[in-house]
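All remarks here apply to the structure that follows.
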Amino acid sequence: MSAVVATRPVKYSRHPDRPVSDQRGQTLVDGEFAMTDQDLKTIASLIYEDAGIYLNESKATLVYSRLAKRIRQIGLDSFHSYCQLVSSREGQEERRGMLSLLTTNFTRFFREEHHFDHLRQTVLPGLISRARAGGRVRIWSAGCSQGQEPYTIALTVLSMMPDAERHDVKILATDIDPKVIAHARAGLYDAAAIETVSPQLRNQWFRSDERTGQWRVDPALQRLISFRELNLMTEWPFRGQFDVVFCRNVVIYFDEQTQERIWGRYSNKISKGGWLYIGHSERLSGAAKTDFRNAGITTYEKLTGGAA
């Protein structure tokens, strides 16, 4: 997923002889570029407006570490100047880049493996029968980061249905960050990234490049997946509904009101009898709770029909 990682609250100065506040507010982090609470509020407001991600002072060192290098690269002299840039009309491209810098993309193949066990044992048999009878199957990986999750879904599907691409079986993979979408679409991973893929699956569905030491996913995996840039806070350009949605460790970074809204939107896009997999630290909330039944660890079955 792409989301901001929490850190502990911190206020410190590397230079005890300097004041801990100035005319623009209290200094939260005083390194190469001092960052005040007003700077953080400006950045947090922009990130919330653009992506619904909630930042507070506990994220101060994270924000500083992610943006200080960029401020140096573009030749600015302060966080205040950077905030002015990303708040301006001329700085919209930089603002999009800031969002990429402030999202983290930790994931791995077969992360939270119980979800893929459930998908294989409980969900896919019925979906495969439908596909072989000429029906439509749609799976969505929302917040797909660098692609490990949708490729794991594809690996699970192909382990049970090797000819899946000959049928109407499609996986949609979306993320707000165009850089991670490009990485996912390329399908190239280093050896450490595929350590959680079994040797059997690795030999069957990945190709090793001895020159670079990287592994490339098989084209058959890629053909099952459509990678698209998508901000979950904007309109979702989907005509049909989904049989399965993976949205794991994404919604946790929104505030409570936004979480409830997103759960409701997922409910509307999942067909009756469909499935929702969420992150280990997440819980359904709001009106959408009554639309699902808990069927396992962070695994939910849709009880009602979604909106067309």
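Points worth noting:
- Cα gyration tensor category, rounded, prolate or oblate, for the stretch 149-230 with a/c compared to 1.5: oblate
- DSSP beta bridge pairing in the chain, given as percent antiparallel to the nearest 5: 50 percent
- Sorting Leu67, Leu85 by accessible area puts them as Leu85, Leu67; the probe is 1.4 Å, largest comes first, and only protein heavy atoms count.
- Label-reachable residues, the stretch 158-175, where backbone N falls under 17 Å from a point 7 Å from Arg223's Cα toward its Cβ: 158-172
- The stretch 278-307: trypsin sites (Lys or Arg not before Pro) in DSSP loop, at most 13 other beta carbons within 10 Å: Arg283
- Peptide ranges 92-98, 233-239, 38-44 listed from the most packed, as the mean C-beta count within 10 angstrom indicates: 38-44, 92-98, 233-239
- Cα-Cα over 30 Å, subset of Lys170/Lys272; Lys41/Lys289; Lys179/Lys269; Lys41/Lys170; Lys41/Lys179: Lys41/Lys289; Lys41/Lys170
- Calculated on alpha-carbon atoms, Rg and Dmax of the stretch 73-151 in Å: 21.1, 63
- Computed from the C-beta positions of Lys69 and Arg216, the FRET efficiency with R₀ = 22 Å rounds to 0.15.
- Overall size of the chain from C-alpha positions, given as principal axis extents largest first: 72, 53, 34 Å.
- Projecting the Cα positions of Ser145, Val157, Ala131 onto the charge dipole of the stretch 126-167 (unit charges on Cβ atoms of Lys, Arg, Asp and Glu, taken about the Cα centre) puts Ala131 furthest along the positive direction.
- Net charge contributed by nearby residues that have their C-beta within less than 13 Å of Arg111 (K/R +1, D/E -1): -3
- Magnitude of the charge dipole for the stretch 20-138, about its Cα centre and with charges confined to Cβ atoms of Lys, Arg (+1) and Asp, Glu (-1), is about 960 debye.
- Summing Lys and Arg as +1 and Asp and Glu as -1 over all other residues whose Cβ lies under 13 Å from the Cβ of Thr304 gives a net charge of +3.
- Spin-label model, Ser208 to Arg96: label points 7 Å out along the Cα-to-beta-carbon direction sit 3.9 nm apart.
- Put a plus charge on the Cβ of each Lys and Arg, a minus charge on the Cβ of each Asp and Glu, and nothing anywhere else: the dipole of the stretch 213-308 about its Cα centre is then about 260 debye.
- Linear extension gain, Leu188 paired with His114, 0.36 nm per residue minus alpha-carbon span: 24.1 nm
- Estimated distance in nm for a label pair at Ser285 and Asn268, the labels positioned 7 Å out from Cα along Cα-to-Cβ: 2.0 nm
The values are calculated or read from the model by the stated rules, or taken from the named source; none is laboratory data. In this text the structure is predicted, and so the values were computed from the model without any measurement. So basically every Cβ, Gly included, is an ideal-geometry build from the backbone, and we count neighbours across all protein chains shown. To get the accessible areas, we keep the full protein, side chains included, count just its heavy atoms, and leave off ligands, DNA and RNA. Shrake-Rupley method; radii C 1.70, N 1.55, O 1.52, S 1.80 Å.
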